[in-house]
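The values are calculated or read from the model by the stated rules, or taken from the named source; none is laboratory data. This is a predicted model, so every value here is computed, not measured. Methodologically, a virtual Cβ is constructed for each residue, glycine included, from the backbone with ideal geometry; neighbour enumeration extends over all protein chains shown. What goes into the accessible areas is simple: the full protein's heavy atoms, side chains included, and nothing from ligands, DNA or RNA. Shrake-Rupley method; radii C 1.70, N 1.55, O 1.52, S 1.80 Å.
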Amino acid sequence: MKLYYNPRSRAAIAKWALDECRAGYELVHVDLQKREHKTPEFLRINPAGKLPALVDGAAQVFENAAICLYLAEKFPQAGLAPLPSSAERGRFLSLVVYSVAQVEPSMGDSLLKQETPPSRGWNDFETVKTVVEGELGGGPWLFGEQFTMADIMVGSMFMWQRLWGVKTGRPALEAYVDRLQARPYAMRMGQEHR
Ligand SMILES: N[C@@H](CCC(=O)N[C@@H](CS)C(=O)NCC(=O)O)C(=O)O
């Protein structure tokens, strides 16, 4: 497998997912300054011209959420998703999608100090934080003792916010970010890979 990657990008999320799977993979460094992500070759892998992208033989996957779901299926032994037959599967898929459909855009509004009108497809960030707190419950992870790709997707958003020096104002979410960052393979955005 090849991960098209730059440490100063959201590709750090996909790298974390690969590492949690203990997958063998090659990092293909993409120079954003040189706009290597806009070349015809790269656009054939990710037509959006963004990082990350994963190539696994003939399979090409772009968007972090899709990469996480793809890897959870490919490496079932890593236990990073509730089984398809499990009652938790629906909540799992919902939370992975929620991370990009609601957590990320509402966080963007909040960082930019913009209001989130009800006509948008996502709630305001305070509501989103309340939803995530509720889903986390007593933790330690979104599915109790089972760490999953939903933690990588939802958690990385809050880790990213912390990188901006912004606190959530929610002690349970701060403790969750601390636990996520303590994982050996946790995303280290902005740092060269280990
Ligand atoms: N929703 C996408 C976001 C990807 C994304 O925005 N990547 C940024 C880097 S953090 C990028 O490649 N930006 C370069 C550009 O658009 O020119 C995902 O999670 O995969």
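Here is how the numbers come out for the structure above:
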item: Condition check for Leu3: at pLDDT 95 or above and crowded, with 22+ Cβ neighbours inside 10 Å; result: yes
item: All positions within region 29-79 that are within 15 Å of the ligand (Cβ to nearest atom), assigned to a helix (DSSP H, G or I) and basic (Lys, Arg); result: Lys38
item: Residue list for region 36-58, restricted to those being acidic (Asp, Glu) and surrounded by 16 or more Cβ atoms within 10 Å (Cβ to Cβ); result: Glu36, Asp56
item: Some residue of region 169-180 being among the hydroxyl-bearing types (Ser, Thr, Tyr) and open to solvent by less than 10 Å² (accessible area, probe 1.4 Å); result: yes
item: First in region 2-31 and on the phi > 0 side of the Ramachandran plot, second anywhere and away from the ligand (no atom under 15 Å from the Cβ), Cβ under 8 Å, 6 or more apart; result: Arg22/Phe75; Arg22/Ala78
